[in-house]
Amino acid sequence: MSFKDVIGQENAVRLLTGAIKRGRIASSYLFAGEQGIGKKFTAVNFAKALNCLNPVDFDACDECPSCKKIDAGTHPDFLVIESEGEEIKVDAIRKLEEVLSLKAYEAGTKVVIVDDAERMNIHAANAFLKTLEEPPSGSLIILVSSSPDRLPETIRSRCLRINFTPLSPEACATVIEKSSRKHKDIQLLVRLSMGRAGLALKEDLIKERDSVIEALSSMPGGKQPWGDRKDMEKWFDTALLLLRDMAVLKITGSADELINKDIAEKIKDMSSNTALKVIINCYEKFLYLRNSLGFNLNKAITWNYTGSIMEELKSHA
Ligand SMILES: [Zn+2]
């Protein structure tokens, strides 16, 4: 893979290849934008392009030993840091410091990618800040984050920010089509993923949606299904799409504009006896919860509160 394989992020790729061409690479970048739209994929290809032994138009050749080693995760000058559970801990940052402090083995640029960078805990962030303030020469740090606002301002301000945008429906469909997984309804996946093709590839969005419908219908009550915050975010995103569709069906009386077109009958059942303003009110409360998840809401309390919102919705039936 190389920059050529990045779909729907032309602006970001243009900025990065431009920087390579002019030999003006910042020492740290922040790749910001929603989950599943190609930020980390672009970061890996940036590392490949910078270290490629045989670059083609400032892009990686995808065949030389350096490109192959980065793909295999065995390149000594390349490291990806990910969270352990909910957090990136200080140990991971120590590892980053170690890689960056050594002389590059292969005379290229040492690249460290910190995925879900907003998950750095306070100790990790403090340690990391020191590295950012005095970046070793010939090194590059790329922070990848779907919630850049949760990063400390001291860290954000030291990185060159590149914004990634959700994919167009066409680009999203292309990513899904190119994947090796078999998909029976690409257009449905495009709508459900809302331009976040990576989600459509990694997860079974249709199954996920069906389980959210089941949970919503049995509320209040039921067992809360969330593992971590990302699960909660996805759950609320799905629930919001369903409530959105209930409102749209109420307003337009037609299934044409629905995201969940394939289950229009079900959406109709869920909304037929409820007034539009009750649905909208419920949507706003869900949206508020969704936007508050960054504050580490207690799962059990959130589940109960969600149940009480649904109870309200149903009691107006
Ligand atoms: Zn190469």
So for region 28-44 (the condition being on the phi > 0 side of the Ramachandran plot, touching a Lys or Arg at 6+ places or on another chain (Cβ under 8 Å) and in a loop (DSSP other than H, G, I, E, B)), does at least one residue qualify? yes
Note on region 189-207: residues part of a helix (DSSP H, G or I), under 17 Å from Asp262 (Cα atoms) and of a type outside the set (Gly, Ala, Ser) are Leu189, Val190, Arg191, Leu192, Leu205, Ile206, Lys207
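For Arg244, are the conditions met, namely being assigned to a helix (DSSP H, G or I) and in contact with a Leu (Cβ under 7 Å, 6 or more places away or on another chain)?
Working: assigned to a helix (DSSP H, G or I): yes; in contact with a Leu (Cβ under 7 Å, 6 or more places away or on another chain): no.
In short, no.
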Scanning region 34-53 residue by residue, those in contact with a strand residue (DSSP E or B) (Cβ under 6 Å, 6 or more places away or on another chain) and either of a type outside the set (A, V, I, L, M) or free of Cβ contacts under 8 Å to residues at least 40 places away in the same chain (or both) turn out to be Lys39, Lys40
Of (1) of a type in the set (A, V, I, L, M); (2) assigned to a loop (DSSP other than H, G, I, E, B); (3) more than 14 Å from the ligand (Cβ to nearest atom), Ala19 fails just (2)
Within region 150-169, the count of residues that are touching a residue at least 40 places away in the same chain (Cβ under 8 Å), open to solvent by 70 Å² or more (accessible area, probe 1.4 Å) and of a type outside the set (Val, Ile, Thr) comes to 5
Within region 55-107, of all residues that are open to solvent by less than 50 Å² (accessible area, probe 1.4 Å), within 26 Å of Ser146 (Cα to Cα) and small (Gly, Ala, Ser), the one nearest to the ligand (Cβ to nearest atom) is Ala60
Within region 123-149, the residues that are polar (S, T, N, Q) and either under 26 Å from Gly108 (Cα atoms) or open to solvent by less than 10 Å² (accessible area, probe 1.4 Å) (or both) are Thr131, Ser137, Ser139, Ser145
For region 196-207 the number of residues that are touching a Cys at 6+ places or on another chain (Cβ under 9 Å) and surrounded by fewer than 20 Cβ atoms within 10 Å (Cβ to Cβ) is 0
Restricting attention to region 130-144, the residues that are in contact with a helix residue (DSSP H, G or I) (Cβ under 6 Å, 6 or more places away or on another chain) and within 21 Å of Glu87 (Cα to Cα) number exactly 4
(request) Please indicate, with yes or no, whether at least one residue in region 109-117 is within 17 Å of Arg156 (Cβ to Cβ) and open to solvent by 60 Å² or more (accessible area, probe 1.4 Å). (result) no
By residue number, the members of region 176-188 that are assigned to a helix (DSSP H, G or I), open to solvent by 10 Å² or more (accessible area, probe 1.4 Å) and within 26 Å of Asp256 (Cα to Cα) are Glu177, Ile186, Gln187
Per the list (1) away from the ligand (no atom under 16 Å from the Cβ); (2) at pLDDT below 95, residue check on Lys39 breaks on (2)
The one condition Leu50 fails out of (1) open to solvent by 80 Å² or more (accessible area, probe 1.4 Å); (2) closer than 18 Å to Ile142 by Cα; (3) within 16 Å of the ligand (Cβ to nearest atom) is (1)
Of the residues in region 241-277, those that are open to solvent by 40 Å² or more (accessible area, probe 1.4 Å) and β-branched (Val, Ile, Thr) come to Ile251, Thr252
For region 278-317 the number of residues that are more than 22 Å from the chain's Cα centre (by Cα), open to solvent by less than 70 Å² (accessible area, probe 1.4 Å) and within 19 Å of Pro225 (Cα to Cα) is 8
Hey, any hits in region 208-218 for a residue that's open to solvent by 10 Å² or more (accessible area, probe 1.4 Å), part of a loop (DSSP other than H, G, I, E, B) and among the charged types (D, E, K, R)? no
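The values are calculated or read from the model by the stated rules, or taken from the named source; none is laboratory data. The structure presented is a predicted model; accordingly, all values stated were derived computationally and were not measured. Don't worry about glycine lacking a Cβ; one is built from the backbone with ideal geometry, like all the others, and counts go over all protein chains shown. These accessible areas exclude ligands, DNA and RNA; they are computed on the full protein's heavy atoms, side chains included. Shrake-Rupley method; radii C 1.70, N 1.55, O 1.52, S 1.80 Å.
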